[in-house]
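All remarks here apply to the structure that follows.
Here, each number is a calculation from the coordinates, and none is a lab measurement. Owing to the predicted nature of the structure, the values given are computational and were not obtained by experimental measurement. When we count neighbours, we look across all protein chains shown, and the Cβ atoms used for this are built from the backbone with ideal geometry, even at glycine.
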Amino acid sequence: MTRLTRRALLGTIGAAAAASTLPATPIFAADRSIRHYWWGNPERDKRTFAVIDTFQKKNAGIAVSGETIGWGDYWTKMATQTAGRNMADLVQMDYRFLFEYVHRGALKPLDEFVGKSLMIADFDKGPLDGGKVDGKLYALNIGSNSQVMVHNTRAFKEAGIDADLINWTWDDFGKVCEKITAKSGGKMKGSDDLSLMIETFESWVRQNGREFYGPEGKVTATAEDVASWWQMWADLRKAGVVRDKNKTVILDPPIAESGIAVGDTAMSHYWSNQMVGIQAVAKDKIGAAMVPHKAGGKPGQFIKPSMFLSLSRDAKDTEAAIAYMNAWVNDPEISGILGLERGIPCSPKVRAALTPKLTEVEKLSVDYFTAIQSKVGPLPLPAPKGAGEVRDAFMRIGTDVVLGKAEVAEAAGMFIEDAQTIVERAQ
Amino acid sequence: MKRFFARNAPAYVFLLPWLIGFFLLALGPILASLYLSFTRYDMVSAPRWIGWGNYEYMFTRDRRFWKALEVTFTYVALAVPARLIMALGVAMLLDKGLRTIGLYRAIFYLPSLLGASIAIAILWRQLFAADGVVNQVLAMVGIQGASWITDPDTSLYTLVVLAMWQFGSPMLIFLAGLRGIPRDLYEAAEIDGTPRWRQFTRITLPLLAPVIFFNLVLQTIDSFKTFSSAFIISNGTGAPADSLLFYTVYLFNEAFKFFRMGYASALAWFLLVIIATFTAIAFFTSKYWVHYENERD
Amino acid sequence: MKTSATDLELAIQMDEAARVAHELRLKRDRRERNGRILKHMFLIIVSCVMLYPLFWLLASSFKPENEIFGSLTLWPSEFQFENYTKGWYALPMSFTVFYVNSAIVTGLSVIGNLVSCSFAAYAFARLNFTGRSFFFALMMMTLMIPYHVVLIPQYVQFLNLGWVDTYLPLVVPRFLASDAFFIFLMVQFFRQLPRELDEAAMIDGCSPFKIYWAIILPLSLPAMGTAAIFSLIWVWEDFLAPLIYLNDIKSYTVPLALRLFLDQEGQSAYGQMFAMSVLSLVPVVIFFVLFQKLIVRGIATSGMK
C-alpha cells in the first residue's frame, strides 16, 4: 500500500516537474541575459517585444526576457519581487512611485554610466531631470507628458466656442460648460466633474502660488485651496453643467467609461500620452486644451516624465542592462518602433526622425506639446512617501462632498489634517 | 510502543502528503507573517522589530480599521444567510423529479463561473447605476431607485446581491449532500402520510446537517475574507467613501499600495483570530445539531 | 362463517384501502403535476435573472469598443466577429499557447487535489490516530489566514527553491493537499458513510487502503465530483499565483493573458478581452456538464443501504 501511494505520488510529481520545465527553455542560448519588466497593453506589448527582437539581433550575446502585465497588477508583482530581491534588471517606473522606490533603496543611480555607455548629453534637460532624486539620476525618461483637457471638437464647433484653449481661464471654462450643456439640451454636459482628481487639483494649488508638497515632503496645500476647488465644482454641479455626481464618484474609471468616450460630456482631464487611447474609443474627433488658468495666477500645469526606465538594485549584468537602455533612447530603428506610444521622447534627434511619420492624433499631441512649452511651470518635486495614500484620502473625503453628505469647508479641513498625518506616518 | 505504531501508522501514511505540505511549505510563511506583524516592514529594507506597536496603532488610532470591521461584519451577517438559504432552496427544488434538472443546474452555476472578473465589475456598475437596468425594471413597477452602487448607503447591498447571485458552489455541495440521503426514507414517510415540511425537518435537515455545517463554516470564513469582488468593483480603493472597504481590501492596500507589510500582517492575524473564534463556536455547537453516521451510538 | 365474514370484511377493507390509496395517489400526482408546472415557471424566471449577465457578456464580446460602456441595449449595433479572430492573436503569443499552459497547470492540479486531499480526508474522517484534532485544527487554520500576507514569505521560499518562473509553485502544493477546503469538504462527506462498512471490511481482512479505494471512494462520487468541478474551476480561474510566479509571457495562463488586454491608464481592448473571456469559459462549462453527472449518480442510485 505504501509502495503504491508513493509510486503514484512520485510519478505525478515527476510529471509536474517535467511539464514545468517546458516553457522555461530559453529561445536561444545567449551567454548573457537581462530581464525587462513593464506595464502595458496589447499595443505597447507588441511594440516592446519588437524592440527586444531588434535589440537581440544587433546584440547577439544578450538575451532579453520581456515580462509584462497590466498597470493594476504591475505594482503588486513588483512589490513581491522587490521583497524577494528578485526584481527584473530593468523596470518601468512611474513618477508617482519613483520616490518610494528610490528612498527604500530599490533602484541604482545611473550617473556613473552617463557619457560612457548611456549617451544622453543632447537630451532636453528639463524632462531628463525629472528622473533625479536628491541630485542623482535614478530613472531615465522614456517619454514626457503633461496634463491636458481633452475635448470633443464636434461639440465645441456646434456650440460655437471660440475660446483660446491654451490661454483660457476657469471663468471661460465655466462659460464653455454652460454653452455646451445648453446647446445639447442637457444631453451632453460641459465637462467631467474633476472634484476628485488630485492631479488637476495640484495645478490649482500651483496657480495659487504654492506646491502641494513642500521641499521637506510636507503638505503645503491649504484648506482654503481645497475648499475653493470643491466649491467651484459644487457650483458647476448645481448649475447642472458637469457630469452627474453618481458618475463622478467612480474612482479612476477606465478611459472607455469616461464622459468623453461615452459621449456624456465634452471635456475630461487626462495626460497627453493618453490621447491616442482616448481617440480609439471616442466617437468624435478629440482636441487638446490646457488646464484652465487662474486669472492673474501662476502657471499650474507642468511637463513631467510619463514613464521611466530604471536599473534595479537586483540587476546583475549592469553593462548589458545599460546597453539595452541606451539602445532604447538612441537607436533610430528602436525609437521608430516605439513611436510616441509611451510619451514624447526627450531626444531632439529622435523627435525629428519621428515627425514625418506621425498619425493625426500623434500630431495633435506633438503640436499641443509645442504650444504649451512657455505656459507651464517648473516640475514639482517627486511626491513623498505616502502620496498614494493622500490621493486615496482626497478621493474618499471628496466623495462625501460630491454626494452632498459633507460641508465643503469642514471636509477640506479634514482632508488637510488627514494628509499631514498620512505623510508623517509614512516617513 | 508497538501498539501505538500499529494504531497510528496507517493514518499517518494517508496524512503524509498533507503533513509534508504543511510543515515544509505552509508553516514557514505563516510563522513569518506572524513575526512580521510585530515589525515595521516596507518590503524593501529589512523588517524592524516594534513589539506590539502595530496592534496598538490598530486599536487606538486607526479609524479606517474600525470602518473595515464594520463593513465586513455587516456583509457577513447579510451575505452568509442570504446565500445559504438561496442555495439550499434551489438545491432542494432541483433535487427531485425534474427531467431538465441538469440544464437548470448548469444555468444556476454559470454566474459563479464568472467569479470576480473585470467583466463582472463593469456589469455590476452598469446594472446598479442610477440609469441602470435594475432601476429601469423598478421604474416599471413605479419605484424610483437610488444610484445603488455609487451611494455609500447602498453600495454594500449590491455586493450582497452579487453574493446571492453567485450561489453556485454551496448549491452544488447541497445537491451532493441531498443525493446522499436514501430515497426510501422519503418513500416510507410518504406512505406514513408525513407532510412535506415535516419530511424536511425530520429527514432532510438532520441528514443534511454535516453538509449544512460545512457550508455554514466555509461561507462564513470566505465572507470574512471577501476580497476580489469588493476590490474589483471599488477599483481597489473601497470607494465610494469607504463603504466597500472590506477588511482584506484594506489589508491589501496597506501591504501592497502603502508598503506597510508589517501592519498588514498584524491586521491579518487579528482577522484570523476573529474567524477562528467564529469557527470554534460553530464546531462547539455542532455537537448539538450535527450527527454523523459513523458516530452513531 | 364467522371467519369468512371477517375475510369478507377484510377484503372490503382492503378494497377500500386500495381505493383510498389510489385516490391519494391520483391526488398526489395531480398535486405534483401542478407543483411541477409552478416549479418550472419559477425556475425559468430565476434562470432569466441568472443568465442576463451572461448574455450581457456575450453581447459585449461582439460590440464595437465604444458601445460596451455607452449603451445599455443588449443587442450590438453591428456584430464584430473580429473581436474573436483578432483577440486570439492580439497578444505577443497566440491564445493557443495560453490554453495549453492553463491545461497543463489545471490538469495536474485537479489530479493532485483529488488524490492528496482525499487521502488526508480519509485519515481525518475514518481513522483514529493520536493528534487528530490537533492536526485538524491546524488544517482549518490554513483556511482562515488571509492569503495576501503569506504571499511574500511564500515567494521568498519558492525563490530559494529555484521554482520561480516554473509551474512548480502552482502544481506541487496541490499534490501536498495545500487546499484545506477540499479536505474539509471530503471529511464531511466521508463521515456520513456508515461505520459498519469499514468494520465489516476490516473483519474480512481489508487493508485501510483497500477500504479507501474500494468502499469510501466509490460511495463518495458526488463529493468527489463536486471537488473535481470546484478544483478545476478555481485553478483555471486562478490569477494571483500565476501573476506572482510566472514571469515569462510564454508560460502565462489564460486569466493572466486576459489581464494583458487592459490598461487603466491607456489603450485597452475591452471587446477582445470580453471575447476571450467568453472563450475561456468554454472548457469549464464543458467540464461542468460532464462531471455533474457524477453528482447526480451516487448513493441513491447505486442501491446502497
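Tell me the relative contact order for the stretch A:51-176 as a rounded percent, counting alpha carbon contacts under 8 Å between residues six or more apart. Provide the component values of the computation, followed by the final result.
Values: 47 pairs, mean separation 18.2, N = 126.
Reported as a whole number, the value is 14 percent.
How large are Rg and Dmax for chain B when calculated on the C-alpha trace, in angstrom?
When restricted to the Cα atoms of chain B, Rg and Dmax are 23.4, 78 Å.
To the nearest whole number, what is the average tally of beta carbon atoms from other chains within 10 Å of the beta carbons of peptide A:37-44? All intermediate terms of the calculation are to be shown ahead of the outcome.
Working: counts 1, 0, 4, 5, 11, 14, 6, 4.
Mean partner shielding for this stretch: 6.
Which whole-number percent is the relative contact order of the stretch C:93-302 (Cα, under 8 Å, 6+ apart)? Spell out each step's value before the answer.
On the way: 192 pairs, mean separation 68.6, N = 210.
Normalised by residue count, the contact order of the stretch C:93-302 is 33 percent.
Give the angle, between 0 and 90 degrees and rounded to the nearest 10, that separates the Cα long axis of helix A:198-207 from the longest principal axis of the Cα atoms of chain A.
60
Please get the size of the charge dipole for the stretch C:93-302, origin at its Cα centre, with Cβ charges of +1 on Lys and Arg and -1 on Asp and Glu, quoted in debye to the nearest 20. Let's see the in-between values first.
Working: 10 positive and 11 negative charges, 89 e Å.
Computed about the Cα centre, the dipole is about 420 debye.
Specify which residue in the list B:Leu93, B:Leu272, B:Ala209 is farthest towards the positive end of the charge dipole of the stretch B:58-295, using unit charges on the beta carbon of Lys, Arg (+1) and Asp, Glu (-1), about the Cα centre.
Of B:Leu93, B:Leu272, B:Ala209, it is B:Leu272.
Using the basic label-point model (7 angstrom from Cα toward the beta carbon), what is the B:Leu205 to C:Arg30 distance in nanometres?
Result: 3.2 nm between the two label points.
So, in nm, how far is label B:Lys287 from label A:Ala182 when the simple model puts each one 7 Å beyond its Cα toward the Cβ?
7.9
Could you work out the relative contact order of chain A? I mean the mean sequence separation of Cα pairs under 8 Å and 6+ apart, divided by the number of residues, in percent.
On the way: 687 pairs, mean separation 107.0, N = 427.
About 25 percent, as a whole number.
Could you pull out every residue, at least 5 positions away or on a different chain, whose amide H is within less than 5 Å of the one on A:Tyr213? Hs are placed 1.01 Å off N in the peptide plane, and Pro or chain starts have none.
Sorted by chain and number, the residues that satisfy this are A:Thr220.
Over the alpha-carbon set of the stretch B:241-297, divide Rg by the Kirkwood Rh and report the Rg/Rh ratio to two decimals. Present the calculation step by step, with values, prior to reporting the outcome.
On the way: Rg = 17.9 Å, Rh = 13.9 Å.
Rg/Rh: 1.28.
Using just the Cα positions, wrap the stretch C:140-225 in a convex hull and report its mean projected area in square nanometres, one decimal place. Mind dumping the intermediate values first?
On the way: hull surface 30.7 nm².
Computed as one quarter of the Cα hull surface, the answer is 7.7 nm².
Averaged over peptide B:203-212, how many Cβ atoms belonging to another chain are found within 10 Å of each residue's Cβ? Can you show the working numbers first?
Details: counts 0, 0, 0, 0, 1, 1, 2, 6, 5, 1.
Mean partner shielding for this stretch: 2.
Hey, what do the phi angles of the stretch A:289-296 turn into as Karplus ³J(HN,Hα) couplings, whole Hz, using 6.51/-1.76/1.60 and θ = phi - 60°, x for Gly and Pro?
Coupling constants for the stretch A:289-296: 10, 6, 4, x, 8, 8, 4, x Hz.
What Kirkwood Rh does chain A have if only Cα atoms enter the pairwise 1/r average? Answer in Å. Mind showing how you got there, number by number?
Values: mean 1/r = 0.0426 Å⁻¹.
Hydrodynamic radius (Kirkwood, Cα pairs) of chain A is 23.5 Å.
Would you please give the FRET efficiency between B:Glu190 and C:Arg19, computed as 1/(1 + (r/R0)^6) with r the Cβ-Cβ distance and R0 = 25 Å, to the nearest 0.05?
Working: r = 18 Å, r/R0 = 0.72.
Efficiency, from the Cβ-Cβ distance: 0.85.
Dividing the alpha-carbon Rg of the stretch A:318-427 by 2.2 N^0.38 Å yields what? Don't skip to the end; give the middle numbers.
Values: Rg = 21.3 Å, N = 110, 2.2 N^0.38 = 13.1 Å.
Relative to the rule-of-thumb radius for its length, the stretch A:318-427 sits at 1.62.
Can you list the equivalent-ellipsoid semi-axes of the protein assembly as shown, largest first and in whole Å, using the square root of 5 times each Cα gyration tensor eigenvalue?
Numbers: eigenvalues 620, 245, 138 Å².
After scaling each eigenvalue by five and taking roots: 56, 35, 26 Å.
Which whole-percent values make up P(r) of the stretch A:236-282 when all C-alpha to C-alpha distances are grouped in 10 Å steps starting at zero?
Reading upward from the zero bin: 25, 55, 19, 1.
Measuring from the lowest to the highest alpha carbon on each principal axis, how far does the stretch A:67-157 reach, largest first, in angstroms?
Projected onto the principal axes, the Cα atoms of the stretch A:67-157 cover 54, 35, 24 Å.
Which listed residue (C:Ala11, C:Val46, C:Leu24) has the Cα farthest towards the positive end of the charge dipole for the stretch C:2-60, taking +1 on Lys and Arg C-beta and -1 on Asp and Glu C-beta about the Cα centre?
C:Val46
In nm², what is the average projected area of the convex hull enclosing the Cα atoms of the stretch C:2-60?
Numbers: hull surface 19.9 nm².
For the Cα atoms of the stretch C:2-60, the hull's average projected area reads 5.0 nm².
Divide, for the stretch C:93-302, the radius of gyration over alpha carbons by 2.2 N^0.38 Å, where N is the residue count. Before the final figure, lay out each step's value.
Working: Rg = 19.9 Å, N = 210, 2.2 N^0.38 = 16.8 Å.
The value comes to 1.19.
Within 11 Å, Cβ to Cβ, of A:Ala159, how many net charges do the neighbouring residues add up to if Lys/Arg are +1 and Asp/Glu are -1?
Numbers: positive: A:Arg154, A:Lys157, A:Lys175, A:Lys179, A:Lys183; negative: A:Glu158, A:Asp162, A:Glu178.
Cβ neighbours under 11 Å give a net charge of +2.
Among the aspartates and glutamates, which fall within straight-line cross-link reach of C:Lys293, defined as a Cα-Cα distance under 18 Å, with same-chain neighbours fewer than 8 residues apart omitted?
The reachable aspartates and glutamates, counting only those whose Cα sits under 18 Å from C:Lys293, are B:Asp95.
Whose amide H sits under 5 Å from the amide H of A:Lys189, counting only residues 5 or more places off or on another chain, with H placed in the peptide plane?
Those qualifying (amide H under 5 Å, at least 5 residues apart or on another chain) are A:Thr265, A:Ala266.
Non-local amide H neighbours of A:Met93 (under 5 Å, H modeled in plane, Pro and chain starts lacking H): which ones?
It is A:Phe308, A:Leu309, A:Ser310, by chain and number.
Pop out the ³J(HN,Hα) list for the stretch A:213-229 in order, Karplus 6.51 cos²θ - 1.76 cosθ + 1.60 with θ = phi - 60°, rounded to Hz; leave Gly and Pro as x.
Taking θ as phi minus 60°, the curve returns 10, x, x, 8, x, 7, 6, 10, 5, 10, 4, 5, 4, 5, 4, 5, 5 Hz for the stretch A:213-229.
Step through the residues of the stretch B:147-160 one at a time and calculate ³J(HN,Hα) from phi using the Karplus curve (6.51 cos²θ - 1.76 cosθ + 1.60, θ = phi - 60°), rounding each to whole Hz and writing x for Gly and Pro.
Here the 3J(HN,Hα) series is 8, 3, 7, 9, 8, x, 6, 10, 4, 4, 5, 5, 6, 5 Hz.
What's the Cα-based Rg to Rh of the stretch B:79-229, Rh via Kirkwood? All intermediate terms of the calculation are to be shown ahead of the outcome.
Numbers: Rg = 18.5 Å, Rh = 17.5 Å.
Ratio of gyration radius to Kirkwood radius: 1.06.
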